[in-house]
Amino acid sequence: MTTKTKAKAKSRIFESVHETVSDLHRLGFIDKRKISKFDALCLDPVSYKGFAARVEYSEEDGCFVGHVAGIRDVIGFHGETVAELRAAFAEAVDDYLETCKKLGQAPNHPYSGQFRLRLAPELHARAAMLAQTQGKSLNTWVSEMIERSTAS
């Protein structure tokens, strides 16, 4: 990798491809901006203290630019490497939490654990029947399906 800190890839395939691309970068075939864009695509989302970040590579600024995802407040940060980005994200979250504390306000939390879902009635019925045949509530069954679908 191009950073001092080994970041976790989204999957084994991404990890293998990333290793190859990193080797090409070290050999001079891929420039710093391209490898940085590639890092943004291959690496797991950045998370810290229950907050997650949306990260992009800014061609204009020549660095990674991130924003805390899933909250109403706007928290941004940036870094030229993955290690710098992670450090800036942690600092931004810590600053946000400290500011909320000083102001006596509760910080926004990314997710409450609840969400509304609109489904076609036929899909709702099929899901409810599948849950029931497995002796589960629809909520438990859907949670397990989402967990299975999003597991790394």
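Below are the figures for this structure:
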| quantity | calculated |
| --- | --- |
| Verdict on ARG86 being touching a residue at least 60 places away in the same chain (Cβ under 8 Å) and of a type outside the set (A, V, I, L, M) | yes |
| Residue check for GLY76: within 11 Å of the chain's Cα centre (by Cα) and modelled with pLDDT of 85 or more | no |
| Whichever residue in the stretch 80-99 is surrounded by fewer than 19 Cβ atoms within 10 Å (Cβ to Cβ) and modelled with pLDDT under 95 and, among such residues, is farthest from the chain's Cα centre (by Cα) | GLU80 |
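The values are calculated or read from the model by the stated rules, or taken from the named source; none is laboratory data. Computed from a predicted model, the values in this text were never measured in an experiment. Every residue, glycine as well, gets a Cβ built from its backbone with ideal geometry; the counts of neighbours run over all protein chains shown.
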